[in-house]
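Below you'll find the structure, written out as structure tokens, and then a few comments.
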2 protein chains.
Amino acid sequence: MPEFRAVVHVMLRRSILDPQGRAVEGTLHRLGHVGVGDVRVGKRIELTLTGERDAVLAELKQVAERVLSNPVMEDVELELHEIQEA
Amino acid sequence: MPEFRAVVHVMLRRSILDPQGRAVEGTLHRLGHVGVGDVRVGKRIELTLTGERDAVLAELKQVAERVLSNPVMEDVELELHEIQEA
């Protein structure tokens with residue numbers, strides 16, 4: 001059965017204030033990095049799934065949207081790469 | 001001056017146990033997603049920088065390695081995209 005490595009990118013929606021990003025931005029400014037702006041902090045989750053591509057993609061979407069993110073507040077992007085056997 | 005959107009991906013090094021990833025994996029298994037494995041949870045940080053590309057890339061590297069990650073425990077990958085004016 002093919003094996004896949006997936007990456008799930010989870011970011012707060014643009015319309016929602018990101019206090020963690022604001023805190024990091026303030027710290028960077030105090031350290032002299034005054035040209036840095038619009039900092040946003042999200043999650044990157046990697047996982048391995050096994051199965052046929054269509055089934056794996058469907059499971060990944062379900063997991064990403066129902067478990068790994070909050071669809072009310074967060075946007076999700078998915079990557080899926082088949083792991084090539086050596 | 002050109003403006004860039006950068007993405008900093010921060011993951012725990014492979015050799016370091018990821019308890020957050022293990023917890024997520026356990027939850028997924030209990031929910032019936034038994035084919036999911038090797039879950040790792042990291043950060044995705046987006047920021048905007050202004051300046052010439054070489055200077056921006058140097059500043060981004062410095063910020064990513066000294067402020068946004070812990071080089072002892074974490075690996076960092078960088079993306080840098082010039083923002084095209086409309």
> Identify, please: which residue in the range B:38-76 is out of contact with any helix residue (DSSP H, G or I) (no Cβ under 7 Å at 6 or more places or on another chain) and under 27 Å from A:Arg53 (Cα atoms) and is, among those, surrounded by the fewest Cβ atoms within 10 Å (Cβ to Cβ)?
Replying inline: B:Asp38
> Has the range B:37-54 got at least one residue that is at positive phi and touching a strand residue (DSSP E or B) at 6+ places or on another chain (Cβ under 7 Å)?
Replying inline: yes
>> Being within 11 Å of chain B (Cβ to nearest Cβ), touching a Phe, Trp or Tyr at 6+ places or on another chain (Cβ under 9 Å) and free of Cβ contacts under 8 Å to residues at least 60 places away in the same chain narrows it down to one residue among A:Val56, A:Val63; which is it?
In response: A:Val56
>> Can you find a residue that is assigned to a loop (DSSP other than H, G, I, E, B), among the hydrophobic types (A, V, I, L, M, F, W, C) and more than 21 Å from A:Gly42 (Cα to Cα) anywhere in the range B:67-85?
In response: yes
> Since B:Val39 meets every condition but one in (1) free of Cβ contacts under 8 Å to residues at least 24 places away in the same chain; (2) over 14 Å from A:Ile45 (Cα atoms), which condition does it not meet?
Replying inline: (2)
>> Of the residues B:Leu17, B:Leu47, only one is free of Cβ contacts under 8 Å to residues at least 60 places away in the same chain and either facing chain A (nearest Cβ under 8 Å) or touching a Leu at 6+ places or on another chain (Cβ under 9 Å) (or both); which?
In response: B:Leu47
>> Conditions first: (1) surrounded by 12 or more Cβ atoms within 10 Å (Cβ to Cβ); (2) modelled with pLDDT under 95. B:Gln84 passes all but one, so which condition is the exception?
In response: (1)
>> Taking the condition of being charged (D, E, K, R) and closer than 22 Å to A:Arg40 by Cβ, how many residues in the range B:3-23 meet it?
In response: 2
>> Go through the range B:32-44 and report how many residues are of a type in the set (A, V, I, L, M, F, W, C) and more than 7 Å from every other protein chain (Cβ to nearest Cβ).
In response: 1
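The values are calculated or read from the model by the stated rules, or taken from the named source; none is laboratory data. Everything numeric here is computed off the predicted structure, so don't read it as measured data. Here Cβ is always computed from backbone atoms with ideal geometry, including for glycine, and neighbour counts include all displayed protein chains.
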